[in-house]
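The values are calculated or read from the model by the stated rules, or taken from the named source; none is laboratory data. These numbers come from a predicted model, not from an experiment. No Cβ is skipped: glycine too gets one built from the backbone with ideal geometry, and neighbour counts run over all protein chains shown.
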């Protein structure tokens, strides 16, 4: 059994992923972690290390790392009886590395970049966390790529993570392109303090095949522009048409089209389409031509990017 290592000071992290490595029998909660950081380092309750535990930094080495709280952390835990490690940025889970079914003894707790882990999900997570720490303020260097059949998040010219079966997301979709954009944009937002604009394209991705013809009413008019979406903060509120807004329904807001108008919206980045009904007014900023419900945006792979180029066809 791994020994419990507790270091309690809200400032000792200093930009490193240096948090407590806990016993496999004592998984840490976010509340317990936050409470432990509010205790002075001089009041550390216990340092108990067995030969099986990962190497722990000394109190003196921790003192050298006093500073602001770390933005990137790695938490080791079990996932369906497999070893897993989740990367947190600003206390938000971004993605989880999951090891094979025969991973052996499960390690639980917060890891440090100084741990000598050489393989498996833990090593992959620690390596990615180290790369993220080195980015500093270069969140805009994070981009989504298509590379020889795989979706990859790149940090400048270096691969950061290759998406695949061993990668789990907190809110994964059934669209691999949308998932890689989701990870990229979440990291750009969290590491760049919201200043890095979201990316809307996967660099190098082959053009999607043309969409099959749709058996719908004749198109009355067609034009293109940027679309956005809205949902959680408006769900249940009364829309401009007088009906309650349902973020999961296939609806949209438009500045001028009559309520009840059926509109086919095509995501020009991937060719996916959805038919929505106009029941609200907007959008009123950013030069966007339509504001989709959260459900409609998800249907065409636009939700993660937030905004994207679309073609609008007014049907009836």
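Tabulated data for the structure shown
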quantity	calculated
Failed criterion for residue 115 (all others in (1) under 18 Å from the mean Cα position of the chain (by Cα); (2) buried (at least 16 other Cβ atoms within 10 Å of the Cβ); (3) modelled with pLDDT under 90 hold)	(1)
Residue match in the range 221-235 (condition: under 30 Å from residue 79 (Cβ atoms) and either surrounded by 16 or more Cβ atoms within 10 Å (Cβ to Cβ) or more than 14 Å from the chain's Cα centre (by Cα) (or both))	yes
Residue count, the range 141-158 (criterion: touching a residue at least 12 places away in the same chain (Cβ under 8 Å) and more than 15 Å from the chain's Cα centre (by Cα))	8
Residue ID - nearest to residue 120 (Cα to Cα), chosen from residues in the range 167-197 that are in contact with a helix residue (DSSP H, G or I) (Cβ under 7 Å, 6 or more places away or on another chain) and in a loop (DSSP other than H, G, I, E, B)	169
Residue 162, sole failed condition from (1) touching a strand residue (DSSP E or B) at 6+ places or on another chain (Cβ under 6 Å); (2) within 25 Å of residue 93 (Cβ to Cβ); (3) buried (at least 17 other Cβ atoms within 10 Å of the Cβ)	(3)
Selection status of residue 207, surrounded by fewer than 20 Cβ atoms within 10 Å (Cβ to Cβ), free of Cβ contacts under 8 Å to residues at least 12 places away in the same chain and in contact with a helix residue (DSSP H, G or I) (Cβ under 7 Å, 6 or more places away or on another chain)	no
